[in-house]
Every structure is written in C-alpha cells, then in structure tokens.
Ligand SMILES: Cc1cc2nc3c(=O)[nH]c(=O)nc-3n(C[C@H](O)[C@H](O)[C@H](O)COP(=O)(O)O)c2cc1C
C-alpha cells in the first residue's frame, strides 16, 4: 500500500472504529487534587496564558500530530489549524515523510494561510531517519514554517504492520544529528504507547528540548494497525505504559520540558498534566472526531473552560501557580509508579 493510501486509511480506521485502549487507563483518575471550598478569587480573574516555542498562547492545550500526505488531508489540517489559530493554541502536523518523498504532496501540510501566528510543529518518524532524509528535513520544515519538529518513536506500530519499517539499529544516534542540523527545537514523542524509564534515560542524553510522553490510555496504534491490516493478532492492542506513569517517570529521570498526551480527554486532565510537571497537555483523536462533527473550536473552548473551572475551584489564578500544586497519586497508578521508583 502506498504511503498516501496508508495515511488515508489511518484516518478512516481511527474514525470508524473504537481504537482506544480498553484495559489501560491514562491514569488521571488516580491523580488527586482536591478543591478548596473557599477560593479567594473570582473565576473572571483566572489566566491560562503562557509561552510555548517563544510564542504567547492562550492555554496549555495542543492539537497533537494527526495527518498530512494524501488528497483531502489539507482540509483536515486547515480546519484544525484554523480553529487552533482562532483559539490561539499550538497545532501539530502528521508525519512529513510523504511530502519529503513526494514534494507534490506538500500542499496537504501547509496551513500558515489559516494559522499565521500560532506555534506549528512538524513531524517525522525515527524509523524514517537517514542521512539522506535529514538533508531534506530543513527545507520540509521551512515549507510549512514550523516552530519545532516532533520525531516520533513507534516500534510497536512498525512491528505489527505489513509494510513496517523495523530497522531501528543506530537510529537513536541520528536524533542529535537532526537537533544539530535544523534551526528549530526538537520534541521526541511516542504515538500512544508511552515511554519507559530506560527510554527516558536515553532521551535525557540527547539534544532534544522536549519529550511528549504520548502514553497508553487513549489511542492504541497497535489496534489501528491491526484493524488496517486485518490481522488476527490483537496481542499488542493493550501493550503500553499509562500516560500518567510515563509522565511521572519523565519528571523524575529527565530535565527536558514535557508534554502530556495519550488519553488526555478534558480540561481537568490538562490541569492535572500541568500539576505533574508538563508544559502542555495534548490530544489527537478527540480533535479528529471534532473535525468530523464540525466542533473543533467548541471542543477547545470547552477544555479551556474546564481548565479555568479547575483552577478556580483549586484557588489557583495562573499557570505558574498551577505548576506548584502537588497532586497525590493513588490506586493502580501509584502502585505502578512505586514498583519502579520512590517519589
Ligand atoms: C489518525 C491518527 C494519526 C496519527 N498520526 C501521527 C503521526 O503522523 N505522527 C505522530 O507522531 N503521531 C501520530 N498520531 C499519534 C498522536 O499524535 C498521539 O500521540 C496519539 O494518538 C495519542 O493521543 P490520543 O489518545 O489523544 O489520540 C496519530 C494519531 C491518530 C489518531
């Protein structure tokens, strides 16, 4: 199957099926931050703005990498990016491999006409990195006027698909080469299966500035690939490290700036991600579904309002103070974290 056809099928499989983890939760229900019944502020005083990639944004919410590279992807990207611009939050594109291999597809990624001012994040897979591709990355990023590049790590996804690229040997060494050769900061992200302490310790040694956890609990890429390939094996559907567990690991074992994604589903979970040390919370499938129901802007507004209400009821008036809240971990998440580290 061509990359274009594959990219298109990813969208239809993700939209037409339930592709979330069923037995793994992202873990936000185990992150407790109790409310204060006597907050000493007014809801109208709450500020959620912050800086990200040197730009002022209105809230710590990002539309995570989804698509690009087939005819029709430009509609999705422009609508999502246009809503992100309207609400002044960052927007991430899907893997740019297709436009690098076939420059005629560049137009499916270009959104600056509808999103002139927000941070835009480009994307490439670690499996696709080669000296030749790295040579072409800078111009691919310039074409979309990116403020950062996300490099995604997806061994589970690659392993279970027919056309999967499973040549990962020495790819890690190429991360720093990318960081040195391009002008914008690098974010290393998973695709929804989370990051272990071992992975995070390796990433700490790189020149990447950000880590996007993309943990388990939301979209399962193993499930998307199984459905796309009509594969009999569902063995990897529920394989992953929950988002909150990975985020706690990342805070403990790295000094990188963090982004929380994978099963982030409302403004409270965005707020809890910030309390746990993330700069931003991000999501993919909720915004893709909102694209199809014509409700992207209202979903962003809903999450912003939930974030504000959370801050009001916790007596917190800005993002800086939200970062200082110390949540308590309980239940399964605490057990998983305690099994690996002592907080
Ligand atoms: C249809 C679809 C396509 C995606 N394509 C990419 C991609 O090209 N690059 C990438 O890094 N992540 C990609 N992702 C992964 C998301 O960015 C995100 O890490 C993952 O879906 C977990 O977030 P969620 O639970 O909010 O969906 C994609 C996700 C979906 C649902």
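Every number here is computed from the coordinates shown, using simple stated rules; none is lab data. Bear in mind the structure is a predicted one, so any value in this text is a computation, not a measurement. Note that each Cβ is placed from the backbone with ideal geometry, even for glycine, and that neighbours are counted across all protein chains shown.
Tabulated data for the structure shown
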| quantity | calculated |
| --- | --- |
| Prolate/oblate/rounded label for the stretch 240-321 (Cα gyration tensor, a/c 1.5) | oblate |
| Estimated FRET transfer efficiency when R0 is 30 angstrom, pair residue 180-residue 251 (beta carbons, to 0.05) | 0.70 |
| Spin-label pair residue 22/residue 328, simplified geometry with 7 Å Cα→Cβ offset, distance in nm | 3.4 nm |
| FRET E, pair residue 163, residue 232, Förster distance 22 Å, beta-carbon r, rounded to 0.05 | 0.80 |
| Contour minus Cα-Cα distance for residue 9 and residue 41 (0.36 nm per residue) | 6.6 nm |
| For 293, 261, order by how many other beta-carbon atoms lie within 10 Å, fewest first | 293, 261 |
| For the stretch 292-343 and the stretch 203-228, distance of Cα centres in Å | 20 Å |
| Length released on extending from residue 172 to residue 209, taking residue separation times 0.36 nm less the Cα-Cα span | 11.8 nm |
| Whole-Å semi-axes of the ellipsoid equivalent to the stretch 183-224 (Cα gyration tensor, √5λ, descending) | 21, 13, 7 |
| Virtual spin-label span in nm between residue 1 and residue 306, 7 Å along Cα→Cβ | 3.0 nm |
| Length added when fully stretched, residue 201-residue 71, from 0.36 nm per residue minus Cα-Cα | 42.9 nm |
| Ranked by how many other beta carbons lie within 10 Å on average, peptides 96-103, 133-140, 208-215 from highest | 208-215, 96-103, 133-140 |
| Label-point separation, residue 289 to residue 32 (7 Å along Cα→Cβ), nm | 2.9 nm |
| Packing-based order for 12-20, 237-245, 25-33, using average beta carbon neighbours within 10 Å, highest first | 237-245, 25-33, 12-20 |
| Helix axis angle, 296-313 relative to the chain longest principal axis, alpha carbon, degrees | 30 degrees |
| Equivalent-ellipsoid semi-axes of the chain, from the Cα gyration tensor, Å, largest first | 30, 23, 20 |
| Antiparallel %, DSSP beta bridges [both residues in the stretch 3-340], to 5 | 20 percent |
| Computed [θ] at 222 nm, helices only, for the chain once each DSSP H run of length n ≥ 4 contributes -39500 (n - 2.57) | -12500 deg cm²/dmol |
